[in-house]
Amino acid sequence: MEEKYFGHSVLRKEGREKVTGRARYVDDLAFPEMLHGVTVRSSVAHGRIRDIPFGEGIPWGEFTVVTAADIPGKNEIALIEHDQPCLAAEFINHPEEAVVLLAHADRYLLEEARRAVQIDVEPLPAIFSIEESIAKRVVLYGKDNVFKEYHLEKGDVDAAWARADVIVEGEYRTGAQEQLYIENQGMIATANPADGVTIWGSLQCPYYIHKALITLFGLPGEKIRVIQAETGGGFGGKEEYPSMIAGHAALLAWKSGKPVKIIYDRAEDMVATTKRHPSRTRHRTGVTRDGKLVAMDIDFVIDGGAYATLSSVVLSRGTIHAAGPYFCPNVRVHSRAVATNAPPHGAFRGFGAPQAIFAAERHIDQVALAVNLTPEEFRRRNFLHKGQTTITGQLINEDVNFDGLLDRAFRESDYHAKRERFARENPGEAVKRGIGFASFMHGAGFTGSGEVYLASVVELEATREGIVRVLAASTEIGQGTNTVFSQIAADALGISYDRIEIARPDTGAVPNSGPTVASRTSMVVGHLVETAALGMKRTLVDSGLLCDACTEDEFVRACKRYIDTRGPLRSRTQYEPPPGLFWDDKKYSGDAYGTYAWAVYVAEVAVDTVTFEALTDFVAVQEIGKVIHPVLAAGQIEGGVAQAIGMSLYENVVWREGRMANGQMTNYIMPTAADIPPIRVFFEEQPYPFGPHGAKGIGELPMDGPAPAIINAIENATGICVREIPATPEVLMEALTAKAGALV
Amino acid sequence: MRAYIPAYDLRVPGSLSETLALLSREPGVWQPFAGGTDLMVLLEAGKLSHKRYLSVAKLEDLRGIDVTTADVTLGALTTYSEIQNHRLLQKEFPLLCTAARETGSIATQNRGTLGGNIVNASPAADSPPALLVYDAEIELISARGVRWLPYHGFHTGYKKMQIAPDELLRAVRLPRRVKKWRQYYRKVGTRRAQAISKVCFAGAALVEKGTIRDVRIALGSVAPIVLRAVKTEDALFGKKATPTIIAAARETLAQEIAPIDDIRSTARYRLRVAQNLLEEFLSQLAK
Amino acid sequence: MSESVSRINIACRVNGAPRRVQAYPMARLLDVLREEMHLTGTKEGCGEGECGACAVLMNGAIVNSCLVPAVEADGMDIRTIEGIARGEQLSAVQEAFLECGGAQCGICTPGMVIASVALLERHPHPSDVEIREGLAGNLCRCTGYQKIFASVVRACEATSDKRPGKQ
């Protein structure tokens, strides 16, 4: 197959609309007679609803008011479990839990009305930390607050300690992080018993919402339609939460008989929607004197907030990534997702892996120190190679070359020379410089049997004019889905990129190609697009209307002939797992992912001992199978690194009684153009046989490495051992002061 | 957006005298509205309790930067952009220009005004420490007349200042006395741009043969008001910036400031960094 | 419930054309543009003047329209993202954003384009530092800013290539 488009930075399909301001996001849409909707929420973290008084001075007769009693189907947001209500009925389990919905045509009046509704809650004791949850100070879920638990065992850890010359322990913590897509969440709904429910919104997974609304309304699937509007960033924050806001808009539309638009403002979006799961990881590692890993015992806990939502899956990914890209014959990972009275935490790029990898890569630097090896040398002695098994017993059957990645990363960042120079120049300087790195991997696609379960479908259909439309539920949210699919289809069919159109994700018109998450869109769904396109070509060839090697004109003519003589020209493909992949859900062992992308990231920092601020330069080297679109691929890495820099140094969620207290952009600090250092990105290519043209998934990979690389660099610069993120200047100040024991 | 917009009145008086008349006739009923970069944020957060405003944005009497041999007078409506672009201010009052450049973003700087910044009275404001170091004086006008007072002492407590409900801030005057002074300004924010300060330090000193003949030190974000560190200044008059003097000055500063824990930072961080900035300033004087 | 004031008349120029609307005096210019004038290219990201998604040019200067009360717009010359291209002819900045990958999800892009246009008007050949400072008021969550910087550099090159004597 000719690669005319694959591997090249073609102009984006979606590009022109975005640079002219013509792209239509959900708040840009308006419908005749449309009402606005708002949500009245609890300010108390845990309790029983006593009363909901509606205040004076508001013309309540003009308003549509919805409570749990108005829900036609089941009061739940169907996801994995059934514990999360759409609207709180009797009990409140977290601050900002939704209780009452209001709609009115006047947006200003609506805001007055929202303030006039009180949620009177009789408080119950609440818990806000992993420790309180594990201690069962209050039991919120099941018998022990544990949403999900995994016990992963490889080899015989208990026996292996005896063979270790040195044992190193460490505890590491990561805080919550807000996705902070620049477009706040929003939905528009029309709903009535006759026509069913239609949703337009900012979302990543139209079929997740579709499924949730079936349960909420008790309607059959054909009566629910979900359409994606242009979406201004998601990062996982618009994976599961949209089902909630879509449900709310639809309930108001159902009761009022009018279209209803709900758009969150930034304050509401920050405090009420999902965040990255906070984590606590405890490592106990046994090594021989010459630096070989013999035993790893890892305890990994994530705070799931008040309801189960996606915590079990986040936990799963974190668990599998907990030991890093190293070979160790004896590993135990005990992991838990636990309940607290915070708004449920949810999907955010990386999905458990950044938390686990932060701990692993910080810890490995400590282990190296304990056996007097450099961070580099220790890793080289323990990297996974082809023929070895991961902690789930997955056999690595590709030529993983971490030595090569390390060499390249060090070369590009001038690591050794800088490390030596900084050590020499730091004494006496107010600004301490350092360089550190992290080596890591990220499994692409859904874990284990997830992709089989999803059974994704993609369809292609051609028009008489020879335009080929790709029908998939995969959403463009900034990563360039439409462009990548067009490149793949164009090359597979041997026609111009301009002949490919990507249908708007609309559950009424496209099949379910699965959610736009888990770094699967290019690799898994893109592969389906390729297969479907090849299938369409095969149909034409088999019908005698086309030769294998054909010109574009011939293709166009063949389409016309086929449609005129035989009917619609369509091609449909469903996911089939790559051969040889085996996963045991019960034992949690086997081939966790079809493939992994491998990476080494190097961070250079300058820690100002006057103000305790940090960061100067960043090099990101990764092996990703095949680069589909150089600009888009680099854009994914750069964007992910920037978000991870935020996670490492800036983005601190301040919690007060389970509520985010700094829910404004003024006080939740995301890096600006003045803060992000140059990020230099390099790709290696080792084609993955089951990705399109060999491509692996990369969307989440860049979120995993920066935090440990940066904190490792800070340790190199200053000698302080930070074990938590965000490592804000306040944290660095305390650590440097403690180390110095005196004025710095 | 959390405000009931129809309840807010924002009138545009035709002249300064009309504005003062309204303020005098109904004291406390009307409040002045300049660039709006503080008030609109409060409005959108649903926290703007006052509902009636007079826009002073177009009053020419509040505009302009006048230079004489003795001083520079900035109209209250001078924007941060105008401050940064003014040649003489860049040359003689660089701390004010640096403060202006580090306030919010360029978009904020195009709208935000010096007068608005002063009467908003945030202890974290960026320009006021520079104004204190420059011994600024401010002009207040009302229907009753005009008065000048030193900016130092204008703020009497958190969001409390010596301005009557019928008064308007008209101008800020900076005596041109610091041409030979060594000047230092450093704002430590939550990030490098568009940040509210955690600690802000402005210092200027007249140094002759290594001895500090005169010094001004002012800090933001370490007390309920923007603060002149007079005790620390007193400890430095006639001294050389030796390590011993610097260490003692750090201690004196710790006695003078009252940093707190808040949503952005901690008291311990603010204290440590304030001391470090003082040391950085004094170390430069020693060179 | 609070009393209402009357709406006022606002006459201004938007993208070169005279416009007259009615709005509450403290209504945000952002909402006047989006709702009364149906110019939805300017976006709301934060409602606090932090993200720059609402940036427009007012009398040639970049401002956050979420912080400008409607009454201030009276008599002003306003330019929004809709007024940056000339019909279908994109500006140099927009072409550069397209070529260099300066836009991913696109929600920050209108404000970012406005900020880039304003920057290049002040500094036709901005240094690296000037670019960073010039765009520091516009938050982007997708790109990590790298390709936005590249877009500004490309726009600057393209513009100087077009100047007389540079062929």
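The values are calculated or read from the model by the stated rules, or taken from the named source; none is laboratory data. Model, not experiment: these values are computed from the prediction. Neighbour counts run over all protein chains shown; Cβ positions are idealised from the backbone, glycine included. For the accessible areas, the whole protein counts, side chains as well, though only heavy atoms, and no ligand, DNA or RNA atoms are used. Shrake-Rupley method; radii C 1.70, N 1.55, O 1.52, S 1.80 Å.
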Worksheet item: From the set of residues in segment A:165-213 that are among the aromatic types (Phe, Trp, Tyr) and in contact with a helix residue (DSSP H, G or I) (Cβ under 8 Å, 6 or more places away or on another chain), which is surrounded by the most Cβ atoms within 10 Å (Cβ to Cβ)?
Response: A:Tyr208
Item to complete: Output the residues belonging to segment A:12-31 that are open to solvent by 40 Å² or more (accessible area, probe 1.4 Å), part of a loop (DSSP other than H, G, I, E, B) and in contact (Cβ under 8 Å) with a residue 12 or more places away in the chain.
Response: A:Lys13, A:Arg24, A:Ala30, A:Phe31
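For every residue, the table says whether it meets (1) of a type in the set (Asp, Glu); (2) open to solvent by 10 Å² or more (accessible area, probe 1.4 Å); (3) over 23 Å from B:Phe33 (Cα atoms).
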position: B:Arg87; (1), (2), (3): no, yes, yes
position: B:Leu95; (1), (2), (3): no, no, yes
position: B:Asn110; (1), (2), (3): no, yes, no
position: B:Leu114; (1), (2), (3): no, no, no
position: B:Ala124; (1), (2), (3): no, yes, no
position: B:Pro128; (1), (2), (3): no, no, no
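Being open to solvent by less than 40 Å² (accessible area, probe 1.4 Å) and in contact with a helix residue (DSSP H, G or I) (Cβ under 6 Å, 6 or more places away or on another chain) is the filter here; which residues of segment A:544-555 pass it?
A:Leu546
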Fill in: Residue within segment A:154-164 that is surrounded by fewer than 17 Cβ atoms within 10 Å (Cβ to Cβ), more than 14 Å from chain C (Cβ to nearest Cβ) and not in a helix (DSSP H, G or I) present
yes
Item to complete: Examine segment A:63-81 for a residue that is over 19 Å from A:Thr309 (Cα atoms), touching a residue at least 24 places away in the same chain (Cβ under 8 Å) and within 14 Å of chain C (Cβ to nearest Cβ), and state whether such a residue exists.
Response: yes
Response to the item:
If we ask which residues in segment C:10-40 are touching a Leu at 6+ places or on another chain (Cβ under 6 Å), under 26 Å from A:Thr231 (Cα atoms) and assigned to a loop (DSSP other than H, G, I, E, B), their number turns out to be 1
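Please verify whether A:Tyr596 is farther than 23 Å from A:Ile676 by Cβ, of a type outside the set (Gly, Ala, Ser) and outside any loop (DSSP other than H, G, I, E, B), treating the condition exactly as stated.
Considered against the rule, which asks whether it is farther than 23 Å from A:Ile676 by Cβ, of a type outside the set (Gly, Ala, Ser) and outside any loop (DSSP other than H, G, I, E, B), A:Tyr596 comes out as yes.
So that you can scan it fast, the table gives a plain yes or no per residue for (1) modelled with pLDDT of 95 or more; (2) under 23 Å from the mean Cα position of the chain (by Cα); (3) not β-branched (Val, Ile, Thr):
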position	(1), (2), (3)
A:Met660	yes, yes, yes
A:Pro671	yes, yes, yes
A:Ala674	yes, no, yes
A:Pro678	yes, no, yes
A:Phe683	yes, yes, yes
A:Gly699	yes, yes, yes
A:Gly705	yes, yes, yes
A:Ile714	yes, no, no
A:Thr718	yes, no, no
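Would it be correct to say that A:Lys626 is open to solvent by 20 Å² or more (accessible area, probe 1.4 Å), of a type in the set (D, E, K, R), more than 30 Å from A:Met536 (Cβ to Cβ) and not in a strand (DSSP E or B)?
Numbers: open to solvent by 20 Å² or more (accessible area, probe 1.4 Å): yes; of a type in the set (D, E, K, R): yes; more than 30 Å from A:Met536 (Cβ to Cβ): no; not in a strand (DSSP E or B): yes.
Spelling it out, it is not the case that A:Lys626 is open to solvent by 20 Å² or more (accessible area, probe 1.4 Å), of a type in the set (D, E, K, R), more than 30 Å from A:Met536 (Cβ to Cβ) and not in a strand (DSSP E or B).
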Discussion item. From the list B:Thr252, B:Thr244, exactly one residue is free of Cβ contacts under 8 Å to residues at least 12 places away in the same chain and out of contact with any Phe, Trp or Tyr (no Cβ under 8 Å at 6 or more places or on another chain). Which is it?
Written reply: B:Thr244
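Can we say A:Gly346 is on the phi > 0 side of the Ramachandran plot and in contact (Cβ under 8 Å) with a residue 40 or more places away in the chain?
Answer is no for this residue.
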Fill in: Residue count, segment A:387-406 (criterion: surrounded by fewer than 16 Cβ atoms within 10 Å (Cβ to Cβ) and in a helix (DSSP H, G or I))
1
Worksheet entry | Selection count, segment A:649-705, where residues are touching a Ser or Thr at 6+ places or on another chain (Cβ under 9 Å), open to solvent by 10 Å² or more (accessible area, probe 1.4 Å) and of a type in the set (Lys, Arg) | 2
Worksheet entry | Residue identified as farther than 30 Å from A:Ala353 by Cα and hydroxyl-bearing (Ser, Thr, Tyr) among A:Ser543, A:Ser519 | A:Ser543
Discussion item. Looking at the structure I just gave you, is A:Ala644 open to solvent by 10 Å² or more (accessible area, probe 1.4 Å) and closer than 22 Å to A:Phe410 by Cα?
Written reply: no
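Table: residues versus (1) among the hydrophobic types (A, V, I, L, M, F, W, C); (2) away from chain C (no Cβ under 14 Å); (3) open to solvent by less than 10 Å² (accessible area, probe 1.4 Å).
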| site | (1), (2), (3) |
| --- | --- |
| A:Glu459 | no, yes, no |
| A:Arg464 | no, yes, no |
| A:Leu471 | yes, yes, yes |
| A:Ser474 | no, yes, yes |
| A:Ile477 | yes, no, no |
| A:Gly480 | no, no, yes |
| A:Ala492 | yes, yes, yes |
| A:Ile495 | yes, yes, yes |
Practice prompt. Return a yes/no flag: does segment A:83-90 have any residue that is closer than 30 Å to A:Gly221 by Cβ, among the small types (Gly, Ala, Ser) and open to solvent by 10 Å² or more (accessible area, probe 1.4 Å).
Written response: yes
Discussion item. Quick check on B:Lys231: is it more than 20 Å from A:Pro729 (Cα to Cα), of a type outside the set (Val, Ile, Thr), in contact with a Ser or Thr (Cβ under 6 Å, 6 or more places away or on another chain) and in contact (Cβ under 8 Å) with a residue 40 or more places away in the chain?
Written reply: no
Discussion item. If a residue counts only when it is open to solvent by less than 30 Å² (accessible area, probe 1.4 Å), closer than 26 Å to C:Arg154 by Cβ and at the interface with chain A (Cβ under 7 Å from one of its Cβ atoms), which strands (runs of 3 or more DSSP E) contained entirely in segment C:41-98 have at least 1 such residues?
Written reply: none
Worksheet item: When only residues in segment A:590-614 that are more than 30 Å from A:Thr392 (Cβ to Cβ) and open to solvent by less than 10 Å² (accessible area, probe 1.4 Å) count, which is farthest from the other protein chains (Cβ to nearest Cβ)?
Response: A:Val605
Worksheet item: Got a sec? Which of C:Ala92, C:Ala158, C:Ala115, C:Ala96 is farther than 19 Å from B:Gln109 by Cα and under 15 Å from the mean Cα position of the chain (by Cα)?
Response: C:Ala92
Worksheet item: Given the conditions (1) away from chain B (no Cβ under 14 Å); (2) aliphatic (A, V, I, L, M); (3) farther than 26 Å from A:Val26 by Cβ; (4) without any contact (Cβ under 8 Å) to a residue 60 or more places away in the chain, which single one is not true for C:Ile131?
Response: (1)
Worksheet item: Just checking, which of A:Val313, A:Val294, A:Val331, A:Val301 is in the same structural domain as A:Ala644 (by TED's automatic domain parsing), among the β-branched types (Val, Ile, Thr) and over 30 Å from A:Trp161 (Cα atoms)?
Response: A:Val313
Discussion item. Checking C:Val117 against (1) within 14 Å of chain B (Cβ to nearest Cβ); (2) touching a residue at least 40 places away in the same chain (Cβ under 8 Å); (3) crowded, with 24+ Cβ neighbours inside 10 Å, only one condition comes out false. Which one?
Written reply: (3)
